[in-house]
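Trainee: Once you've had a glance at the structure underneath, I'll fire off some questions.
The values are calculated or read from the model by the stated rules, or taken from the named source; none is laboratory data. Since the structure is predicted, the reported quantities are computational estimates derived from the model, not experimental observations. All Cβ positions, even for glycine, are placed from backbone atoms using ideal geometry, and neighbour counts span all protein chains on display.
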Amino acid sequence: MERESVVIIGGGLAAIRTAAALRHAGHQGVITVVSQESSPPYDRPPLSKELLTREQPAWLSEELGITVETVADHVFRGTTAQTIVPITTRDTSPATSPTQHTDATDRWAVTTNTGHVITATHCVIATGSTPTVPNGWENVHTMRTLDDAERLRSAITNASADLQVSNSHHIATNAPSQGASIVIIGAGWIGLELAGHLTHHGHQVTVLESGPSPLWRQLGPTVGQRIGALHPDVTLQCNTIVTSVNKQPATTRTCVTYTQAGTTNTVTADVVITAVGVRPATHWLATPPEGSSPVITREDGLLTTTPTGAVHQHGHTLAGLYAVGDCAIRYDNTWGDIMPGHWNIALTDPERIAHDVLGIAQPASTTPHVFSTQGAHHVDVFGVPHLANEVIFREISPTSWLAAWLSPNGAATALMIVNSPRDTSAARRIFRNGPISIDPRAFADPTIPLKNVALTNDKGVSALAHRAETPLS
Ligand SMILES: Cc1cc2nc3c(=O)[nH]c(=O)nc-3n(C[C@H](O)[C@H](O)[C@H](O)COP(=O)(O)OP(=O)(O)OC[C@H]3O[C@@H](n4cnc5c(N)ncnc54)[C@H](O)[C@@H]3O)c2cc1C
């Protein structure tokens, strides 16, 4: 019997990890990777955190210790997948495919913009997402790829250089260097990371956010306001609706118009960055070849997947089709729906797909984990913050605190750590088996070690008893 084969669409973290996890789990069949980007896989988080200080990409081959070529048989770079079609009868397509077989099992055929037709028993969609740019916005930068980072870095560097020249004409005034003026539209994770990094390097940053606080969609407004307070050097304008972004005639500057509390305002900047969100790179699935059905996504473009990463639509699972990373929402038996957009998911979820392809037991559930570095501040979130839940805080200092999201039954579904590295490993341990009941009074008291606030430990023994043995003061 012929070995199973896998075609992976995408060239980022989720794609390389899927190929590596398949090999690690014992897959011996052919693996083909189709990657739109021409460069080898690189890590995206440093792009926003080290934009001005790191010009060389953080290659995933160095971070993971593998190259795609060592785990995949065929790697098509600079190649875009255009359609995916299930083949349920004997495959008689011409021998242009590196993974062509003629058995009668269900297979998937992927066509590319370069005219290749790649067939395989399993197909993994790992196409990530692309930044949203509202129609008509001119002269705006996005932050997703190496090319985006390169363009943004040179725009900021050029603007700073122009300011130095202009300042040198006014040397008698002894005017201090002001840095470039930068407007960031959107105070989500990436907007705030850029804001923190760029102010840290002396630039003047204004952030325009449509909601009541930074990160309100992800963490709710109460926690979001506290995150905003970590950035006193950023001019933060919330409840703003940007109505236009236009290149200013005869200058290199860009003009942003927005309304706030019924008033229209304008701000002009050397550089404007849009960080208003992303859209899963799944649009191409909607237009299959004539006679075939499309792979269905949610309205927001996400592919819905089961705990193993299999694509699920209209109440049934599509055999042999998987999605992972930023283009997929996965239902987890422990945590429920896990929204994508975070590095850790793209790192760990591929293992589930590999085990499913090989028919071996699923790995243990991993705790969702988001990390973020915003200038000098570091944030970790473990678990899933449910915004309807009560949030309680643990104050360590004005810039160091923890937040816990409590469900009505007292279980903490998420724990956030701001600038407190010693609590990060304790939080990881507390959440290793899923949501857990915590003692709110103990949580609010920073003198009680975080590991002692859980009411049950992994053996199901009451931690209250454990705490009784532990001097609390
Ligand atoms: C600037 C930045 C900073 C970040 N910082 C953090 C952080 O601090 N913490 C955190 O948890 N997460 C962070 N993230 C998110 C994290 O990097 C992503 O969740 C992760 O990279 C997702 O990996 P992926 O492989 O799913 O998608 P991607 O890395 O986007 O890879 C998808 C690949 O598929 C390719 N592709 C798309 N369509 C096609 C097609 N039709 N055919 C072939 N190839 C295609 C794309 O070109 C791309 O190379 C950050 C993201 C960015 C952009």
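Yes or no, residue by residue, for (1) closer than 29 Å to Thr222 by Cα; (2) assigned by TED's automatic domain parsing to the domain that holds Thr424; (3) within 10 Å of the ligand (Cβ to nearest atom):
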position	(1), (2), (3)
Trp335	yes, no, no
Pro340	yes, no, yes
Asn344	yes, no, yes
Asp349	no, no, yes
Ala354	no, no, no
His369	yes, no, yes
Val384	yes, yes, no
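Trainee: Can you name every residue in segment 60-74 that is surrounded by fewer than 20 Cβ atoms within 10 Å (Cβ to Cβ) and either of a type outside the set (A, V, I, L, M, F, W, C) or within 13 Å of the ligand (Cβ to nearest atom) (or both)?
Mentor: Across segment 60-74, the qualifying residues are Ser61, Glu62, Glu63, Leu64, Gly65, Thr67, Glu69, Thr70, Asp73, His74.
Trainee: So Gly291 passes all but one of these: (1) under 30 Å from Thr111 (Cβ atoms); (2) more than 16 Å from the ligand (Cβ to nearest atom); (3) modelled with pLDDT of 95 or more. Which condition number does it fail?
Mentor: (3)
Trainee: Same structure, new question: Restricting attention to segment 450-473, and to residues there that are in a loop (DSSP other than H, G, I, E, B) and touching a Ser or Thr at 6+ places or on another chain (Cβ under 8 Å), which single residue is modelled with the highest pLDDT? Steps first, please.
Mentor: Of all residues in segment 450-473, those in a loop (DSSP other than H, G, I, E, B) come to 453, 455, 457-461, 470-473.
Filter once more, so that each one left must be touching a Ser or Thr at 6+ places or on another chain (Cβ under 8 Å): 455, 472-473.
Numbers: Leu455: 83, Leu472: 28, Ser473: 25.
Residue satisfying both the conditions and the ranking: Leu455.
Trainee: Let me ask something additional. Given the conditions (1) in contact (Cβ under 8 Å) with a residue 24 or more places away in the chain; (2) surrounded by fewer than 23 Cβ atoms within 10 Å (Cβ to Cβ); (3) of a type in the set (Gly, Ala, Ser), and given that Gly359 satisfies all but one, which numbered condition is not satisfied?
Mentor: Evaluating Gly359 over (1) in contact (Cβ under 8 Å) with a residue 24 or more places away in the chain; (2) surrounded by fewer than 23 Cβ atoms within 10 Å (Cβ to Cβ); (3) of a type in the set (Gly, Ala, Ser) leaves (1) as the failure.
Trainee: Would you be able to tell me the number of residues in segment 230-251 that are part of a loop (DSSP other than H, G, I, E, B), surrounded by 13 or more Cβ atoms within 10 Å (Cβ to Cβ) and at pLDDT 95 or above?
Mentor: 6
Trainee: Name the residues in segment 36-59 that are near the ligand (Cβ under 9 Å from one of its atoms) and touching a helix residue (DSSP H, G or I) at 6+ places or on another chain (Cβ under 7 Å), would you?
Mentor: Ser39, Pro41, Tyr42, Asp43, Pro45, Leu47, Ser48, Lys49, Leu51, listed by residue number.
Trainee: Just checking, how many residues over segment 46-59 are of a type in the set (S, T, N, Q) and either at positive phi or surrounded by 14 or more Cβ atoms within 10 Å (Cβ to Cβ) (or both)? Let's see the steps before the verdict.
Mentor: Step one: of segment 46-59, the residues of a type in the set (S, T, N, Q) are 48, 53, 56.
With either at positive phi or surrounded by 14 or more Cβ atoms within 10 Å (Cβ to Cβ) (or both) added as a condition, the list becomes 48.
Matching residues across segment 46-59 total 1.
Trainee: Which residues, taken from segment 215-229, are of a type in the set (A, V, I, L, M) and surrounded by fewer than 21 Cβ atoms within 10 Å (Cβ to Cβ)? Give the steps one after another, and end with the answer.
Mentor: If we filter segment 215-229 for residues that are of a type in the set (A, V, I, L, M), which is where we start, we get 215, 219, 223, 227, 229.
Answer for segment 215-229, where residues must be of a type in the set (A, V, I, L, M) and surrounded by fewer than 21 Cβ atoms within 10 Å (Cβ to Cβ): just Ala229.
Trainee: How many residues are without any contact (Cβ under 8 Å) to a residue 12 or more places away in the chain and within 17 Å of Pro86 (Cβ to Cβ) when one looks only at segment 275-311? Can you show your working first?
Mentor: Here is the first cut: in segment 275-311, the ones without any contact (Cβ under 8 Å) to a residue 12 or more places away in the chain are 286, 290-291, 293-294, 299.
Filter once more, keeping what is within 17 Å of Pro86 (Cβ to Cβ): 286, 290-291, 293-294.
Residues that pass the stated criteria total 5.
Trainee: Considering each residue of segment 38-91, count those that are under 21 Å from Asn113 (Cβ atoms) and either in contact with a Lys or Arg (Cβ under 7 Å, 6 or more places away or on another chain) or modelled with pLDDT under 95 (or both), and give that number.
Mentor: So the answer is 4.
Trainee: Confirm whether Leu22 is assigned to a helix (DSSP H, G or I) and away from the ligand (no atom under 13 Å from the Cβ).
Mentor: Values: assigned to a helix (DSSP H, G or I): yes; away from the ligand (no atom under 13 Å from the Cβ): yes.
The answer is yes for Leu22.
Trainee: Name the residues in segment 2-16 that are of a type in the set (Gly, Ala, Ser) and within 15 Å of the ligand (Cβ to nearest atom), would you?
Mentor: The first filter runs over segment 2-16 and keeps only residues of a type in the set (Gly, Ala, Ser), leaving 5, 10-12, 14-15.
Selection gives Gly10, Gly11, Gly12, Ala14, Ala15.
Trainee: To continue, here is another question. Output the qualifying pairs, or none if there are none: Cβ atoms under 6 angstrom, residues six or more apart or on different chains, first residue in segment 379-405 and over 20 Å from Trp189 (Cα atoms) and at pLDDT 95 or above, second residue buried (at least 18 other Cβ atoms within 10 Å of the Cβ) and of a type in the set (Ser, Thr, Tyr).
Mentor: These pairs meet every condition: Ile396/Ser420.
Trainee: Take the residues in segment 168-197 that are touching a strand residue (DSSP E or B) at 6+ places or on another chain (Cβ under 8 Å) and modelled with pLDDT under 95, then tell me which one is surrounded by the most Cβ atoms within 10 Å (Cβ to Cβ).
Mentor: Let us first name the residues in segment 168-197 that are touching a strand residue (DSSP E or B) at 6+ places or on another chain (Cβ under 8 Å), namely 178-187, 189, 191-197.
Then drop every residue that is not modelled with pLDDT under 95, which leaves 178-179.
On the way: Gln178: 14, Gly179: 18.
Result: Gly179.
Trainee: What is the number of the single condition among (1) more than 21 Å from Pro363 (Cβ to Cβ); (2) modelled with pLDDT under 95; (3) hydrophobic (A, V, I, L, M, F, W, C) that Ile273 does not meet?
Mentor: (2)
Trainee: Pairs only if they're at least six apart or on different chains, beta carbon under 9 angstrom, first in segment 42-60 and assigned by TED's automatic domain parsing to the domain that holds Gly196 and in contact (Cβ under 8 Å) with a residue 24 or more places away in the chain, second crowded, with 18+ Cβ neighbours inside 10 Å and outside any loop (DSSP other than H, G, I, E, B); list them, first residue then second.
Mentor: From segment 42-60, no pairs qualify.
Trainee: Taking the stated definitions as given, is Thr259 more than 30 Å from Met339 (Cα to Cα), away from the ligand (no atom under 16 Å from the Cβ) and at pLDDT 95 or above?
Mentor: On the way: more than 30 Å from Met339 (Cα to Cα): yes; away from the ligand (no atom under 16 Å from the Cβ): yes; at pLDDT 95 or above: yes.
Taking the combined requirement at face value, the residue satisfies it.
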